[in-house]
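K.L.:
Below is the structure I would like to discuss, written out as structure tokens.
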Protein chains: 2
Amino acid sequence: MYARRRSDHSHVPVTPVEAHEPPYYAAVFTAVRTENQSGYGETDARMEDLVKDVPGFLGMDHAQTPGGLGITVGYFRDADALTQWRRNAEHRAAQRRGRDEWYQSYTLHVAKVERSHGFVRAQGPQRPTAG
Amino acid sequence: MYARRRSDHSHVPVTPVEAHEPPYYAAVFTAVRTENQSGYGETDARMEDLVKDVPGFLGMDHAQTPGGLGITVGYFRDADALTQWRRNAEHRAAQRRGRDEWYQSYTLHVAKVERSHGFVRAQGPQRPTAG
């Protein structure tokens, strides 16, 4: 059901989208879905393809608790990139269908990232844990 | 393993943290965990209790793809609230242990929310879906 090439993809190594140089934008979408998910998967995959064509799109993270909350975070270089995505006609149609059918509730937070950092575990055997 | 009173809680109705009046801050933490999760659940629950004592803490969303990405988003009224949480000694110790043991990789994005909105489905029977 979940689309290809996102960071919840189960058959490739999963890595969070890396920290970019601030400032950039994050669109945090938190949602609980209905029981009616007819057509969701196809639309989700299509949106994922479309957003990559937006100049300034930096990446997307997604996590889904089974039967619970889903969180999608899209990262964009600047406000213009996010505006372009928001105004995309096919995206707007998908949002309408989401409200009509797929979402029980959601919140969207659009935020300007002021600082960020990442961590990647060093290769090699994991150090033994104390206690 | 996942802590109580977060929005991935499975035995109460799940709802995303609502939109607050901007500006406010969102700390977006995206992570992939190691196979060594000894002690994680207890620490996670303790952090969840601690953060609620921070004046200006607004709420937290969490989603976890099984075997994949986890995303936690903490919302704070202002930068001072987030600074207070960042400087908490017990939180810092937990972060160190996370890097030593629990996380394969993570990214933290600290962002100022400029706009937000929410949607909650109206009560009553769901409208029939076309097509």
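The values are calculated or read from the model by the stated rules, or taken from the named source; none is laboratory data. Since the model is a prediction, treat every value here as computed from it, not as a measurement. Ideal geometry is used to build each Cβ from the backbone, glycine not excepted, and the neighbour counts take in all protein chains shown. Side chains included, ligands, DNA and RNA excluded: accessible areas come from the protein's heavy atoms. Shrake-Rupley method; radii C 1.70, N 1.55, O 1.52, S 1.80 Å.
K.L.:
Residues with amide H under 5 Å of B:Y25's amide H, sequence separation 5 or more or different chain, H placed in the peptide plane at 1.01 Å from N; which?
P.N.:
Result for B:Y25 returns B:F76, B:R77, B:D78, B:V113.
K.L.:
How far apart, in nm, are two points set 7 Å out from the Cα along the Cα-to-Cβ line at B:R121 and at A:S38?
P.N.:
1.4 nm
K.L.:
Now for a separate question. Which value, in square angstrom to the nearest 100, describes the accessible area buried between chains B and A on both sides, using a 1.4 angstrom probe?
P.N.:
Using a 1.4 Å probe, the pair buries roughly 4700 Å².
K.L.:
Could I ask something else about it? Enumerate the amide H contacts of B:Y103 below 5 Å, restricted to partners 5 or more residues apart or on another chain; note that Pro and chain-start residues carry no placed amide H.
P.N.:
B:T34
K.L.:
In addition: Report ³J(HN,Hα) in whole Hz for each residue of the stretch A:57-67, in order, from the Karplus equation J = 6.51 cos²θ - 1.76 cosθ + 1.60 where θ = phi - 60°; Gly and Pro get x.
P.N.:
5, 10, x, 8, 10, 9, 9, 9, 6, x, x
K.L.:
In peptide A:73-85, how many Cβ atoms from other protein chains are near each Cβ within 10 Å, on average?
P.N.:
That average works out to 1.
K.L.:
How many Å² of accessible area per residue for the stretch B:15-113, probe 1.4 Å?
P.N.:
Result: 42 Å² per residue.
K.L.:
Continuing with this model, one more query. Other chains' Cβ within 10 Å of B:28-36 residues: what's the mean?
P.N.:
So the per-residue partner count for this stretch is 5.
K.L.:
Taking a probe of 1.4 angstrom, what is the accessible area of B:S38 in Å², to the nearest 10?
P.N.:
Accessible surface of B:S38 is approximately 70 Å².
K.L.:
For A:E18, which inter-copy label distances result when the label point lies 7 Å beyond Cα on the Cα-to-Cβ vector, reported in nm to one decimal and in ascending order?
P.N.:
Once sorted, the set of distances for A:E18 reads 4.0 nm.
K.L.:
Ignore the peptide's own chain and count Cβ atoms of other chains within 10 Å of each Cβ in A:110-123; give me the average, rounded.
P.N.:
Per-residue shielding by partner chains comes out at 6.
K.L.:
Rounded, prolate or oblate, given the Cα gyration tensor of the stretch B:15-113, with a/c below 1.5 counting as rounded?
P.N.:
prolate
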